[in-house]
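I have placed the structure first, in the form of structure tokens, so that the comments after it can refer back to it.
The values are calculated or read from the model by the stated rules, or taken from the named source; none is laboratory data. Everything numeric here is computed off the predicted structure, so don't read it as measured data. Every residue, glycine among them, receives a Cβ derived from its backbone with ideal geometry; neighbour counts consider all protein chains shown.
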């Protein structure tokens, strides 16, 4: 990955915004939308982030260097080589945020990818997230074991599951699901043989199992690009080894 994706909380915090014209106004609006307080360079000692939107390349570079020396992370409009962070195109289904980034390569491409995603994600997606958040205690009570809790949610949130996030009305189904239909998928071991080194050649079933696996055991020859399709927190082991007795284990062979 070219960058580490992070969501930075700035509510109530000052954020330096330096520049002029439409671009700097857009940056200030974005800061305010996230609850931040736009301020000038003179208040940089109160801030951790800064946006620079100046037409003059030399002035933009000099301002960015000053702010970096003051310890701030800086974004410079249209100058990705001077950016400590970039701004993605954001799809907002509060509290769900989907960010699409090209690392500054093409803001237009990021925007159009986000617009395509807008079609598929229902407006009620945030309501489902809030309902699941409110049900945290009930979920822990029903599934005290964290692995079992994750498996139950995987089953419910999967395609055509009881809480499928792409289906409308998911928030209303959370209580009903917990009351009667919530169940833990059985502990199992799935053996998958890859047909190529290209992650695009994974079948839908293989991709789904990789995304849900608690443990991934793999041949030495399985490429990193395929292993990256697994959950970031899934355990990884190389063959030969004994699979764990609990959870969903996926064995990848070339």
Out of (1) surrounded by fewer than 15 Cβ atoms within 10 Å (Cβ to Cβ); (2) farther than 30 Å from residue 77 by Cα, the odd one out for residue 108 is which? (2)
I'd like to check something: does the stretch 92-103 contain any residue that is exposed (fewer than 12 other Cβ atoms within 10 Å of the Cβ) and either assigned by TED's automatic domain parsing to the domain that holds residue 166 or farther than 30 Å from residue 227 by Cα (or both)? yes
As an exercise: evaluate residue 173 against (1) surrounded by 16 or more Cβ atoms within 10 Å (Cβ to Cβ); (2) at pLDDT 90 or above; (3) outside the structural domain of residue 139 (by TED's automatic domain parsing) and give the number of the one condition it does not meet. (3)
When you look at residue 154, is it at pLDDT below 90 and touching a strand residue (DSSP E or B) at 6+ places or on another chain (Cβ under 9 Å), yes or no? yes
Unmet requirement for residue 31, which otherwise passes all of (1) farther than 30 Å from residue 129 by Cβ; (2) within 27 Å of the chain's Cα centre (by Cα); (3) free of Cβ contacts under 8 Å to residues at least 24 places away in the same chain; (4) in a helix (DSSP H, G or I): (1)
Being under 27 Å from residue 128 (Cβ atoms) and not in a helix (DSSP H, G or I) is the filter here; which residues of the stretch 206-228 pass it? 213, 214, 228
Checking 134, 141 in turn, the sole residue that is outside the structural domain of residue 1 (by TED's automatic domain parsing), over 17 Å from the mean Cα position of the chain (by Cα), farther than 17 Å from residue 6 by Cα and modelled with pLDDT of 95 or more turns out to be 134
Let me confirm something: among 43, 25, 61, 81, which residue is outside the structural domain of residue 166 (by TED's automatic domain parsing), farther than 30 Å from residue 131 by Cβ, touching a helix residue (DSSP H, G or I) at 6+ places or on another chain (Cβ under 7 Å) and not in a loop (DSSP other than H, G, I, E, B)? 61
Go through the stretch 211-235 and report how many residues are modelled with pLDDT of 90 or more, within 14 Å of residue 189 (Cα to Cα) and in contact with a helix residue (DSSP H, G or I) (Cβ under 8 Å, 6 or more places away or on another chain). 2
Under 8 Å between Cβ atoms, at least 6 apart or on separate chains: pull out the pairs that start in the stretch 38-58 with a residue that is over 13 Å from residue 19 (Cα atoms) and end on any residue that is loosely packed, with under 12 Cβ neighbours inside 10 Å. 48/71
With the first residue restricted to the stretch 73-95 and required to be touching a residue at least 40 places away in the same chain (Cβ under 8 Å), and the second required to be in a helix (DSSP H, G or I) and surrounded by fewer than 19 Cβ atoms within 10 Å (Cβ to Cβ), Cβ contacts under 6 Å at 6 or more apart or on different chains are 77/23
Checking the structure you have, find out if any residue of the stretch 54-69 is at pLDDT 90 or above and within 26 Å of the chain's Cα centre (by Cα). no
Taking the criterion of being under 20 Å from the mean Cα position of the chain (by Cα) and not in a helix (DSSP H, G or I), would at least one residue in the stretch 195-205 satisfy it? no
Condition set touching a residue at least 40 places away in the same chain (Cβ under 8 Å) and in contact with a helix residue (DSSP H, G or I) (Cβ under 9 Å, 6 or more places away or on another chain), scope the stretch 96-114, selection farthest from residue 132 (Cα to Cα): answer is 103
